[in-house]
Amino acid sequence: MTIAAARLGAVGVALGLVMGGASPAEAQLSDPSTPAISQALVLASRLNVRASPSLSGDVRGSAPRGASLCIIRIAGEWVEVRTPVGERPALHGFVSRGFISERRVSAAELEELGCNDA
């Protein structure tokens, strides 16, 4: 193995860690109308919502402790979320999984919470 190949391998490992194991395709945001799969409650005093699943991703906004977010998908240590329909400011992006509490709810409850349209 050449030194250049070893460095590229290390970069790939580092990128995998930063993105929580997500592939580059998974790093893209889903369509905002994608149905939610569950609910998240924010545990941090203020949680940044990022444009990509990385600490270097642009911050699109933040959610306060106790806020309810709609989980669209989970990609390793990152979770794609959006605010419930009609809530302002409307946020859609990625949060670190360690700062939320995931709550499995039924499809009917997700509708009631504003996570999915009827």
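The values are calculated or read from the model by the stated rules, or taken from the named source; none is laboratory data. None of these values were measured; they are calculated from a predicted model. Counting neighbours? That spans all protein chains shown, and the Cβs are built from the backbone with ideal geometry, glycine included.
Here are Arg50, Arg65: which of them is modelled with pLDDT of 95 or more, within 19 Å of Leu29 (Cβ to Cβ) and not hydrophobic (A, V, I, L, M, F, W, C)?
Going through Arg50, Arg65 in turn, just one is modelled with pLDDT of 95 or more, within 19 Å of Leu29 (Cβ to Cβ) and not hydrophobic (A, V, I, L, M, F, W, C): Arg50.
Quick one: is Leu55 closer than 20 Å to Leu110 by Cβ, aliphatic (A, V, I, L, M), out of contact with any Ser or Thr (no Cβ under 7 Å at 6 or more places or on another chain) and not in a strand (DSSP E or B)?
No; evaluated as a whole, the condition is false for this residue.
Among the residues of the stretch 24-36, count how many are in a loop (DSSP other than H, G, I, E, B) and either charged (D, E, K, R) or at pLDDT 90 or above (or both).
Number satisfying all stated conditions: 1.
Considering the stretch 66-118 alone, what residues qualify as being without any contact (Cβ under 8 Å) to a residue 60 or more places away in the chain, in contact with a Leu (Cβ under 7 Å, 6 or more places away or on another chain) and not in a strand (DSSP E or B)?
Gly66, Thr83, Pro84, Phe99
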